[in-house]
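**Student:** Please see the structure below; I have some questions.
Bear in mind these aren't lab numbers, they're just calculated from the coordinates by the rules spelled out. For clarity, every value in this text was computed on a predicted model and none was experimentally measured. Here Cβ is always computed from backbone atoms with ideal geometry, including for glycine, and neighbour counts include all displayed protein chains.
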Ligand SMILES: [Fe+2]
Ligand SMILES: [Fe+2]
């Protein structure tokens, strides 16, 4: 056994020398050298076959490279929207009740659009009509921001649950599902608009600032962050409502063209029925999603952040949580939640 091991140790040293010089210098016999040589040859063959076998092996059925267009995997398939609920969604505003609410409300200027002047008002029109591509730039940028809060809040609550060895009261899934839903909005719009270098740079910078701000903000005051997101979502409802109005006025002819096709990813994600796959239908669906985020976040902002249950868990609600939240612009009051969902 010891002899065999010595032969193995000699293998690297004999490689590259002629058999004559080896026979002169090697302390082993010719038989031993032959054994070592054979072993080295076998190793070499193994190495060779390993490197060439993978690309030359047919019949494994494995792709040789990553497909350019990966298939869409729906982690959280959308529950779909009721036509009645979709049309009932309206821009609405929850009146601030505390100083913290007023600060959160004041911060929503970051994403809001300037309001249309009222009829008879002396105010000049503060914004120009936008083309389809300008709307898409706005949607893409806003959706890259919108996907952040749910992921931060869900991630921090996940860490909190692990750290404190406690259940999370059912909040994490709803928050992560929200960020997934926002990402699906983004992926849908990206099928219609390809960002350039400037946009990518802006998204990169905004993520760096907003993610870290949300992270610190959520550690300091999660209820303030939910209130802020509630107001931001309110602005998102307003933005999509404005876009729908522009379509109705015929100012976005590419999107109202009967031949315009919305991306397949949208049809699959929202499970959009045949005959209901226009751009207007898509914006109505997305607006309803934003309305549900608004209701969820205002509700979560009303609750005790460590003790209260998330009322939007499916088994607690008598309707889909997205429907329930969409029709509650100011969210559910805490008393309502405790009375209805902790029985
Ligand atoms: Fe969104
Ligand atoms: Fe949203």
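**Student:** Find, to one decimal place in angstroms, the Kirkwood hydrodynamic radius of the stretch 226-343, where the mean of 1/r is taken over every pair of different Cα atoms and then inverted.
**Tutor:** 15.7
**Student:** Take the Cα radius of gyration of the stretch 279-340 and divide it by 2.2 N^0.38 Å, with N its residue count; two decimals is plenty.
**Tutor:** 1.17
**Student:** Quick check on packing: order 163-175, 180-192 by the mean number of other C-beta atoms within 10 Å, highest mean leading. Present the calculation step by step, with values, prior to reporting the outcome.
**Tutor:** Details: 163-175: 15.8, 180-192: 19.8.
Ranking, from highest mean packing down: 180-192, 163-175.
**Student:** Can you give the translational diffusion coefficient of the stretch 116-265 in µm²/s, computed by Stokes-Einstein from the Kirkwood radius over Cα pairs at 25 °C and 0.890 mPa s?
**Tutor:** Once the numbers are plugged in, D ends up at 139 µm²/s.
**Student:** Expressed as a whole number of Å, what is the distance separating the alpha-carbon centroids of the stretch 189-249 and the stretch 265-343?
**Tutor:** Result: 18 Å between the Cα centres.
**Student:** May I ask you to order 100-107, 246-253 by the average number of other C-beta atoms within 10 Å around their residues, highest value first?
**Tutor:** 100-107, 246-253
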